[in-house]
Amino acid sequence: MTVAARKTWMAFLRKLIALTLVLAVLENHEVGARFVVEKSSITVLSPASLSSKYDGAIANFGIPDYGGYMVGSVVYPEKGSNGCEAFEGDKPFKSDFSRPTFLLLDRGDCYFALKAWNGQQAGAAAVLVADSVNEPLITMDSPEESTDSDGYVEKIGIPSALIEKSFGDSLKQALKKGEDVSVRIDWTESVPHPDERVEYEFWTNSNDECGIRCDEQMNFVQSFKGHAQILEKGGYTLFTPHYITWYCPQAFILSSQCKSQCINHGRYCAPDPEQDFGMGYQGKDVVFENLRQLCVHRVANESNRSWVWWDYVTDFHIRCSMKEKKYSKECAEDVLKSLDLPIEKIRKCIGEPEADVENQVLKTEQELQVGQGSRGDVTILPTLVINNVQYRGKLERTSVLKAICSGFKETSDPLICLSGDIETNECAENNGGCWQDLKSNITACKDTFRGRVCECPVIKGVEYRGDGYTSCEERSGSKFSWFVAFLVLAAVAAAGVAGYIFYKYRLRSYMDSEIMAIMSQYMPLDSQHNNQVQTDAEPLRQSAEMGSKGDSASVKASMQEDHANASRAYADPFDSPAPNKVQEKVIYITPFFYVQRHNYWHVNGV
């Protein structure tokens, strides 16, 4: 057998063993094993004859607009409808109108990813691939390696979807008639968003020599680490890492392939990194490190430091890579020490890889690998699961962050989801269909990670009010503040006036009561004085009567004397009264609450 034939045979044997291991896992968990196709909603807006909702299978490359939607016009190329060759001209499908172009292509003859790449190069905003046979939708995946030296798979930045043959035929017929076909691709419900916390999983492995897939997942871990730790520390997310493992069927346990790829007597296995069982690192080395990384997360989570997993994985990749021949237990424990992680607890969690016993950590991983509920089996590596739904698209920092942010209940998004680097750019075309004032360069269009919104803005203290789509009227924020201040001052002044009136009323009532009290004290005195005048005058009258009977001359003399005394009394009213005179007091009340007092005299016999 030649060297080339031997290599071909070995490659075939490796693929056969790997397939056998996968089938063994699925057979061991035969109930509910399935692959779920994640979908977006496609609504035909025109023509009216096609107006309805259809499903589109989200491609596992490019960048789906999770949490948002796109509205565009469908175009079917006259030449090269399969999209396997680059289209002629400079972006021939770039839209000159407000709506972007969705390029409709036929399935077949080349990779799905190549169709999307050629469509993107031609100016399309999205690619719809019409199936060629009547069958259930499948997920379009990218090839393991780009056949083009350019590496086009990593450069695809537009969303793609596979649609059913019947739907594709209907679109083609409408376009053939010259009708305007516009559709809306909606990803708002592609990720559930039930509450204020997002739960997501990342299925990966510690192998860094498996080609483009390993490079993709490690680049993602390194770039997304900062976002992940912010979300985890703030309690916004619950993150759990997972690692795919297989088990070796009983018939192959004693084979060299199973011995080199498995631990715990064939129970937990991983593919050989170099795909060569006779040299380099073996699959069981990968399983052992996968187990250590699982235990790092478990032990760190017990001390409320679950985010340290991201630090360990990135540091291990830098310090202990396979390329530098440092992929070992000793290097791993050096990383653990530098991160202040308890090595003994992690060793206890790992257990004995050579023992013929079950490892509870890896056994749980095998059980979780099989689909549960609405989530399908995990068969693609790497796989991201957000709120129990598998993520589809490019494993890239901003696109993944946008997908995670779409899993939060609306209005509960953390600040990191409002950062500028994940905002859409829908306002750049036709102002997003929102209101704008060209003279003042003011617009109601605002890009967010969920898509554009039309809200009247606040510019330099000036608030605009309106629906944001057709009108926004200026409303001065300063005038409004002054108006509120005026209302407050008016209320305070009214309260002060009311208090003053109440105070004056109480004061007058109090003064009236005091005056009445004073009057009640003086009125009895006046009565007593009047009575006393009459009593005191009585003897004089009696004497006068007696005198008139006895001697009229003496009476006349007495009266003259009284007149003289009275003249002196009125001439000097402040002198002490004569003993035979009576003093009377009179009280006068004025409107100014002023009490005047006068003295005048009653003279006996006048």
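Any read-out appearing in this document is the output of simple, stated calculations on the displayed coordinates, not a laboratory observation. The shown structure was predicted, so the numbers you read here are calculated from the model rather than taken from an experiment. Cβ placement follows ideal geometry from the backbone for every residue including glycine, while neighbour counts extend to all protein chains displayed.
Some points to look at:
- Listed by Cβ neighbour count within 10 Å, with the fewest neighbours leading, Met516, Met218 appear as Met516, Met218.
- In this structure the amide hydrogen of Asp377, modeled in the peptide plane, comes within under 5 Å of the amide hydrogens of Arg34, Phe35, Val36, Gly371, none closer than 5 places in sequence on its chain.
- Vicinal HN-Hα couplings computed from phi for the stretch 229-243 (Karplus, 6.51 cos²θ - 1.76 cosθ + 1.60; Hz; Gly/Pro x): 5, 4, 5, 6, 5, x, x, 7, 10, 10, 9, 9, x, 9, 9
- Amide H contacts under 5 Å for Lys39: Ile58, restricted to partners 5 or more places along the chain or on a different chain, H placed in the peptide plane at 1.01 Å from N.
- GluC sites (Glu not before Pro) lying in DSSP loop within the stretch 315-345, provided at most 12 other Cβ fall within 10 Å: Glu324
- For the stretch 256-273, the Karplus equation 6.51 cos²θ - 1.76 cosθ + 1.60, evaluated at θ = phi - 60°, returns couplings of 5, 5, 5, 5, 7, 10, 10, 10, 6, 6, x, 7, 9, 10, 8, x, 5, x Hz by residue, with Gly and Pro reported as x.
- Kirkwood Rh in Å, taken over all unlike Cα pairs in the stretch 285-344: 11.5 Å
- Across the stretch 389-400, computed HN-Hα scalar couplings (Karplus, 6.51 cos²θ - 1.76 cosθ + 1.60, θ = phi - 60°) run 10, 6, 6, 10, x, 5, 7, 10, 3, 5, 5, 5 Hz from first to last residue, x flagging Gly and Pro.
- Taking only the C-alpha atoms of the stretch 39-186, Rg followed by Dmax gives 14.1, 45 Å.
- Under 5 Å between amide hydrogens, built in the peptide plane, is the criterion, and for Gly68 it picks out Trp187, Thr188 among residues at least 5 positions away or on other chains.
- Relative contact order (percent, whole number), the stretch 39-186, Cα cutoff 8 Å, 6+ residue spacing: 36 percent
- Each Cα pair under 8 Å and six or more residues apart adds its sequence gap; the mean of these over the residue count of the stretch 343-438 is a relative contact order of 13 percent.
- Going by neighbour counts of Cβ atoms within 10 Å, the residues Glu514, Glu38, Glu455 line up, fewest first, as Glu514, Glu455, Glu38.
- Exposure proxy order (Cβ contacts within 10 Å, fewest to most) of Phe87, Phe486: Phe486, Phe87
- Cβ-defined net charge surrounding Glu88, 12 Å radius [Lys, Arg +1; Asp, Glu -1]: -1
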